[in-house]
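The next block holds one structure in the form of structure tokens; read it before the comments.
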Amino acid sequence: MEEKNYQLDLLKAQNAQLSKSEHIYRIVCESSDYGYIYQCLGGEDVLTFGSFESMFGLTLHRTRDFDELLEKFHEDDRKAIRETLIPEENSREFATCECRSANGHIWYRIVTRIERSEDGVFADKDKIITFMNITREKAQHSDLLYMAYYDTTTGIYNRNYFVSLLTEFIARADVDKCRVSLLMIDIDDFKKINDVQGIIIGDELLQQFGFWLKGKMVKDRIICSHINNDIFCVAIYDASGQYSVDNFYNDLKKRFSEPFVMSTGQEIAITASVGVAEYPDAGGSALDIINCADIVVYNCKKMGKNILQYFEAPILDDFLKNVDIENKLKEAAFNNNFMMYYQPQYVAKTRRLRGVEALIRWKDDSGKMIPPSVFIPIAEKNGLIDHIGHFVVEESIKQYKKWSEFYNMQFKISINISALQYKKDDFVDSIMTIIDKNGVDPSDVELEITESILIDDFDSVTAKLTRLRNFGVGISLDDFGTGYSSLSYLKKFPIDTLKVDKSFIDTVLDDASTRIITESILNMSHAMGFETIAEGVENERQYSYLTSAGCDVIQGFYLGKPLPSEKIDELLSYMK
Ligand code: C2E
Ligand code: CA
Ligand code: CA
């Protein structure tokens, strides 16, 4: 009896458990996003549940109702759906397909699973068919696909896809025995546009230009890509006739002759430097050609921008030479393997020594003198300028201290400062520390800066100049006349001295208009309280003319070349 009661209780408990599980399954199924068809035990009867009804507005009872269901799908997909709903062979455990709604707007995935019976044999037609709405998944996939091929800012090809298309062009050109031309287009001074107008406008400009390029694409012939930032690439297959490089460049220049109009109404005019490299002349692979075009663009920038240049061997030689210099320069900087030369500056009227300009010199390990006009720009590009600049300041001030003490003389020591060096946050502090450490009078120190420093953020430039000025250090503006600044613009900055660029001195005697400009620079500078220095004075005639035109100080080969410190020693002891 007890045993019976126990069995009964067990059965009740099991039943309760079962109906609880069934209840849970029902809740899960009914709240599922999926729709289901269950085909019972090999018969004709089917059950639908889950979201099936809301998905298709249908309830099915028999397998022959499947025809009604098929109506709900796109015509082109019905065959695949039928094969999924009714897999031909009983042995198939699993069938699936992706298909669209009749209007094509919704995507479904259908999965049919045939149940195994206990003994592992597939029970005929005993199956579960699941319907999933995968429209969102499909959209994401096509977004990803888009991002894999296109640049999201401009809508033209991205770099990776462009490289693979260029590779295809090259393979095809091998067969057709023709060329592939690559144009790398680098927008001039884009950084300035970004800095002045802000990155939103910068991006809009890139977008507009990208959109223009998109319109230049020709199937199988011209492809365009946004490589990065302000750099775009165009590849032309078999450039000739209507699709020649010249034609493309002319169109580009025509486009640039009109400004781009931003959504804010602002008009922005741009130019670009264009480097052209061609397969097979410039290299054998897509990346080789892109690299060559990149080197040409770099060359265009050096030549003053807004031009198109073709790749040729000397450009590569130059580039490799620079790479070689760069490697040697790293080693020289590590060992401070530089020397300072000093060029005297004289008061024009009295020929009294006004000061010396410190100029760096570097002999590479083969003993060849590399001019600073070559290696300073390289050092600015790779960051070595900080180290080199620090060496220059320290060495020159130490040397000046020795001279001023030994000869008991006071004159100016002028030190060239690179714009990148000046931009460093700790620049002013490090100058002051070196001057203090060496016990030099700050008013004997003069820093030569160029206009490129002044076009940066006005407040921070002025704050630094003012601190230096208050400390006693003089500021001299080098190469004046070559940049964009007018004298009235300069008036805003605390500057003491203007150095009139050598290019004016070179032609001042032969060219009337240079003469007028030079004289007006000298007159206006004086009216504004600047001291003036003429640099690069090479002969007596230039010297006399500049002196009579009122120039304060003369520097140049005529009165003295840059000399090593021992030679300046001789000069100072002679003067004493
Ligand atoms: P810069 O500051 O304009 O220096 C004047 C350049 O003109 C010097 O060339 C000098 O040797 C040369 N020069 C002076 N008088 C005459 C002349 O009568 N005729 C001719 N033909 N040339 C004359 P250098 O020493 O080759 O320096 C070239 C440039 O390299 C400098 O131009 C300056 O921008 C940069 N540089 C030189 N030393 C340093 C340095 O220590 N630090 C930095 N940041 N830049 C330096
Ligand atoms: Ca200078
Ligand atoms: Ca100069």
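The values are calculated or read from the model by the stated rules, or taken from the named source; none is laboratory data. Fair warning: this is a prediction, and the values are worked out from it, not measured in the lab. Cβ sites come from the backbone with ideal geometry, for glycine too, and all protein chains shown count toward neighbours. Side chains are part of the model used for accessible areas, which takes the heavy atoms of the whole protein and leaves out ligands, DNA and RNA. Shrake-Rupley method; radii C 1.70, N 1.55, O 1.52, S 1.80 Å.
Scanning for something open to solvent by 10 Å² or more (accessible area, probe 1.4 Å), under 29 Å from the mean Cα position of the chain (by Cα) and of a type in the set (A, V, I, L, M), does the range 440-455 turn up at least one residue?
yes
Look at the range 254-283 and say how many of its residues are closer than 29 Å to residue 170 by Cβ and either in a strand (DSSP E or B) or free of Cβ contacts under 8 Å to residues at least 12 places away in the same chain (or both).
Result for the range 254-283: 9.
I'd like to check something: does the range 500-507 contain any residue that is more than 13 Å from ligand 3 (Cβ to nearest atom) and without any contact (Cβ under 8 Å) to a residue 12 or more places away in the chain?
Yes.
Just to be sure before I move on: is residue 210 closer than 22 Å to residue 268 by Cβ, surrounded by fewer than 16 Cβ atoms within 10 Å (Cβ to Cβ) and not hydrophobic (A, V, I, L, M, F, W, C) in the structure I sent?
So residue 210 fails the test.
Within the bounds of the range 254-268, is there any residue that is within 21 Å of the chain's Cα centre (by Cα), open to solvent by less than 50 Å² (accessible area, probe 1.4 Å) and of a type outside the set (Phe, Trp, Tyr)?
Yes, the range 254-268 contains a residue that is within 21 Å of the chain's Cα centre (by Cα), open to solvent by less than 50 Å² (accessible area, probe 1.4 Å) and of a type outside the set (Phe, Trp, Tyr).
Tally the residues that are part of a loop (DSSP other than H, G, I, E, B) and either of a type in the set (A, V, I, L, M, F, W, C) or away from ligand 3 (no atom under 13 Å from the Cβ) (or both), restricting the search to the range 450-468. Break it down into steps so the answer makes sense when it comes.
Here is the first cut: in the range 450-468, the ones part of a loop (DSSP other than H, G, I, E, B) are 450, 455-457.
Remaining after also requiring either of a type in the set (A, V, I, L, M, F, W, C) or away from ligand 3 (no atom under 13 Å from the Cβ) (or both): 455-457.
Adding up the residues that qualify gives 3.
Rundown of residues vs (1) among the charged types (D, E, K, R); (2) open to solvent by less than 50 Å² (accessible area, probe 1.4 Å); (3) within 16 Å of ligand 2 (Cβ to nearest atom), yes/no style:
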{"site": "463", "(1), (2), (3)": "no, no, no"}
{"site": "467", "(1), (2), (3)": "yes, no, no"}
{"site": "470", "(1), (2), (3)": "no, no, no"}
{"site": "482", "(1), (2), (3)": "no, no, yes"}
{"site": "493", "(1), (2), (3)": "no, yes, no"}
{"site": "505", "(1), (2), (3)": "no, yes, yes"}
{"site": "547", "(1), (2), (3)": "no, yes, no"}
{"site": "553", "(1), (2), (3)": "no, yes, yes"}
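Identify, by number, the condition in (1) assigned to a helix (DSSP H, G or I); (2) within 13 Å of ligand 3 (Cβ to nearest atom); (3) not acidic (Asp, Glu) that residue 537 doesn't meet.
Of everything listed in (1) assigned to a helix (DSSP H, G or I); (2) within 13 Å of ligand 3 (Cβ to nearest atom); (3) not acidic (Asp, Glu), residue 537 misses just condition (1).
I'd like the full set of residues that are part of a strand (DSSP E or B) and either among the polar types (S, T, N, Q) or open to solvent by less than 40 Å² (accessible area, probe 1.4 Å) (or both), limited to the range 300-347.
Residues satisfying the conditions are 309, 340, 342, 343, 344, 345, 346, 347.
In the range 34-49, what residues are within 19 Å of residue 106 (Cβ to Cβ) and without any contact (Cβ under 8 Å) to a residue 60 or more places away in the chain?
Step one: filter the range 34-49 for residues within 19 Å of residue 106 (Cβ to Cβ), giving 34-37, 48.
48, the sole residue that qualifies.
This table checks each residue for (1) of a type in the set (Ser, Thr, Tyr); (2) within 16 Å of ligand 3 (Cβ to nearest atom).
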residue: 323; (1), (2): no, no
residue: 337; (1), (2): no, no
residue: 341; (1), (2): yes, yes
residue: 351; (1), (2): no, no
residue: 382; (1), (2): no, no
residue: 388; (1), (2): no, no
residue: 409; (1), (2): no, no
residue: 412; (1), (2): no, yes
residue: 416; (1), (2): no, yes
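Tell me whether the range 244-253 contains one or more residues that are open to solvent by less than 80 Å² (accessible area, probe 1.4 Å), among the hydroxyl-bearing types (Ser, Thr, Tyr) and in a helix (DSSP H, G or I).
yes
Can you tell which of 396, 418 is assigned by TED's automatic domain parsing to the domain that holds residue 380, buried (at least 16 other Cβ atoms within 10 Å of the Cβ), closer than 30 Å to residue 573 by Cα and within 16 Å of ligand 2 (Cβ to nearest atom)?
396 is the lone residue from the list that is assigned by TED's automatic domain parsing to the domain that holds residue 380, buried (at least 16 other Cβ atoms within 10 Å of the Cβ), closer than 30 Å to residue 573 by Cα and within 16 Å of ligand 2 (Cβ to nearest atom).
Show the residue pairs meeting these rules: Cβ distance below 9 Å; 6+ apart or different chains; first residue within the range 327-348 and closer than 21 Å to residue 386 by Cα; second residue within 16 Å of ligand 3 (Cβ to nearest atom) and at pLDDT below 95.
If the second residue must be within 16 Å of ligand 3 (Cβ to nearest atom) and at pLDDT below 95, no pairs are left.
Return the only residue of 540, 535, 519 being charged (D, E, K, R), over 13 Å from residue 450 (Cα atoms) and within 16 Å of ligand 2 (Cβ to nearest atom).
Working: 540 fails: within 16 Å of ligand 2 (Cβ to nearest atom); 519 fails: within 16 Å of ligand 2 (Cβ to nearest atom).
Only one candidate passes the filter, namely 535.
Look at the range 469-516 and say how many of its residues are assigned to a helix (DSSP H, G or I) and away from ligand 1 (no atom under 16 Å from the Cβ).
Here the count works out to 12.
Of the residues 490, 447, only one is within 16 Å of ligand 3 (Cβ to nearest atom) and either of a type in the set (Val, Ile, Thr) or at pLDDT 95 or above (or both); which?
Sole residue among the options that is within 16 Å of ligand 3 (Cβ to nearest atom) and either of a type in the set (Val, Ile, Thr) or at pLDDT 95 or above (or both): 447.
Does the range 518-534 include one or more residues that are buried (at least 20 other Cβ atoms within 10 Å of the Cβ) and within 13 Å of ligand 1 (Cβ to nearest atom)?
yes
Okay, residues lined up against (1) more than 30 Å from residue 238 (Cβ to Cβ); (2) at pLDDT 95 or above; (3) open to solvent by less than 50 Å² (accessible area, probe 1.4 Å):
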| position | (1), (2), (3) |
| --- | --- |
| 174 | no, no, no |
| 178 | no, yes, yes |
| 183 | no, yes, yes |
| 186 | no, yes, yes |
| 192 | yes, no, no |
| 201 | yes, no, yes |
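For the list (1) small (Gly, Ala, Ser); (2) over 23 Å from residue 460 (Cα atoms); (3) in contact with a helix residue (DSSP H, G or I) (Cβ under 8 Å, 6 or more places away or on another chain), I need the number of the one condition that residue 544 fails.
(3)
Could you give every pair whose Cβ atoms fall below 6 Å, whose first residue belongs to the range 227-249 and is in the same structural domain as residue 200 (by TED's automatic domain parsing) and in contact (Cβ under 8 Å) with a residue 40 or more places away in the chain, and whose second residue is open to solvent by 20 Å² or more (accessible area, probe 1.4 Å) and outside any strand (DSSP E or B), counting only separations of at least 6 or pairs across chains?
From the range 227-249, the pairs are 227/159; 236/243; 237/221; 238/178.
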